[in-house]
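Participant: My questions will all concern the structure given below.
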Amino acid sequence: MSSRQARLPRTLGFGAGLLACSLLVFGICGALWGFMRPTMTGRAVDGGGYAIEAVGNAQFVAFMTFALVTGFLGLCLGLAAFVQRRGRGLAMLLWVGACAFAGAVSFYVFGGITATHPPENPGEVVEFAPNFSPAVAWAVAPFLAMFSYWCTAFISSDADWEVVGREAADEAQREVVTPT
C-alpha cells in the first residue's frame, strides 16, 4: 500500500500570493487616494438647491489620478512578478494582468469608501468628492503590468531562462512521490 501526498506546485502558491499582495497594496493606496481626492463645493441658493462652484473638474482629476496611480502600481506589479522567477511564461503574464485588474478594482472600491461623501443633512455649504466612471482606465493597470512583464522577459538574457528551466526541473523532481 502506498502513501501519496498531494503537493501543489509552487507557482500556484506564488500566484495566490501575488493576487493577495496586489489586492492589499492597491487597496491601501486606494484608501489613501480617497482621502486626497478633489472635492466640489456647493452653496445653497434661494428657492432650494445648490450652486456648484466650477473651480476645476474634480471628476476629471479623479479619473486621471486613478489611471496614473493604478498604472504605476501595475507597472511595479509586473516587474516584481518577473523578478521572482516563478512560473515565467504566458500563463504568468496573463495572471499578472488579472491580478492588476483585481487590484484596480480594490483601489477604486477603497478609494470610494474613504472619499468625502455628500452630507446627509446639508447646510449652507456642502463639500463632496463626486463619483466618476473609470471607463477605459480599468485597462491601464493590467496593460502596464503585462507590458512591463513582457518587456523584462524580452530583454532578459538566455542565461536567465536557463536558470528558470533548471529550477522548474528541480521542482518537478522534488514533486515526484515515491511509494513507501
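Participant: Suppose we filter PHE60, PHE101, PHE72, PHE110 for residues that are surrounded by fewer than 16 Cβ atoms within 10 Å (Cβ to Cβ), modelled with pLDDT of 95 or more, in a helix (DSSP H, G or I) and hydrophobic (A, V, I, L, M, F, W, C); which single one remains?
Facilitator: PHE72
Participant: Here are some residues: VAL55, VAL45. Which one is modelled with pLDDT under 80 and touching a strand residue (DSSP E or B) at 6+ places or on another chain (Cβ under 6 Å)?
Facilitator: Being modelled with pLDDT under 80 and touching a strand residue (DSSP E or B) at 6+ places or on another chain (Cβ under 6 Å) holds for just one of VAL55, VAL45, which is VAL45.
Participant: Taking segment 28-52, which residues are out of contact with any helix residue (DSSP H, G or I) (no Cβ under 9 Å at 6 or more places or on another chain) and among the hydroxyl-bearing types (Ser, Thr, Tyr)?
Facilitator: Once the filter is applied, which keeps residues that are out of contact with any helix residue (DSSP H, G or I) (no Cβ under 9 Å at 6 or more places or on another chain) and among the hydroxyl-bearing types (Ser, Thr, Tyr), segment 28-52 yields THR41, TYR50.
Participant: Follow-up. List every residue pair whose Cβ atoms sit under 7 Å apart, with the two residues 6 or more apart in sequence or on different chains, where the first one lies in segment 102-125 and is without any contact (Cβ under 8 Å) to a residue 24 or more places away in the chain and the second, anywhere, is open to solvent by less than 60 Å² (accessible area, probe 1.4 Å) and charged (D, E, K, R).
Facilitator: Qualifying pairs under 7 Å: none.
Participant: Let me ask something else. Would you confirm whether any residue within segment 143-160 is over 25 Å from GLY17 (Cα atoms), surrounded by 12 or more Cβ atoms within 10 Å (Cβ to Cβ), β-branched (Val, Ile, Thr) and at pLDDT below 95?
Facilitator: Checked segment 143-160: no residue is over 25 Å from GLY17 (Cα atoms), surrounded by 12 or more Cβ atoms within 10 Å (Cβ to Cβ), β-branched (Val, Ile, Thr) and at pLDDT below 95.
Participant: Follow-up. Can you tell me which condition VAL136 does not meet? The list is (1) open to solvent by 60 Å² or more (accessible area, probe 1.4 Å); (2) assigned to a loop (DSSP other than H, G, I, E, B); (3) farther than 30 Å from GLY47 by Cα, and all the others hold.
Facilitator: VAL136 satisfies every listed condition except (2).
Participant: Do you know which residues across segment 75-92 are of a type in the set (A, V, I, L, M, F, W, C), buried (at least 19 other Cβ atoms within 10 Å of the Cβ) and out of contact with any Gly (no Cβ under 8 Å at 6 or more places or on another chain)?
Facilitator: Answer for segment 75-92, where residues must be of a type in the set (A, V, I, L, M, F, W, C), buried (at least 19 other Cβ atoms within 10 Å of the Cβ) and out of contact with any Gly (no Cβ under 8 Å at 6 or more places or on another chain): LEU75, ALA81, PHE82.
Participant: Only one of (1) modelled with pLDDT of 90 or more; (2) surrounded by 13 or more Cβ atoms within 10 Å (Cβ to Cβ); (3) within 30 Å of PHE128 (Cβ to Cβ); (4) not small (Gly, Ala, Ser) is not met by PHE35, so which one is it?
Facilitator: Result: PHE35 passes all but (2).
The values are calculated or read from the model by the stated rules, or taken from the named source; none is laboratory data. None of the values given here were measured: they were computed from a predicted structure. Virtual Cβ from ideal backbone geometry, glycine too; neighbours counted across all protein chains shown. Heads up: the accessible areas ignore ligands, DNA and RNA and are worked out on the full protein's heavy atoms, side chains in. Shrake-Rupley method; radii C 1.70, N 1.55, O 1.52, S 1.80 Å.
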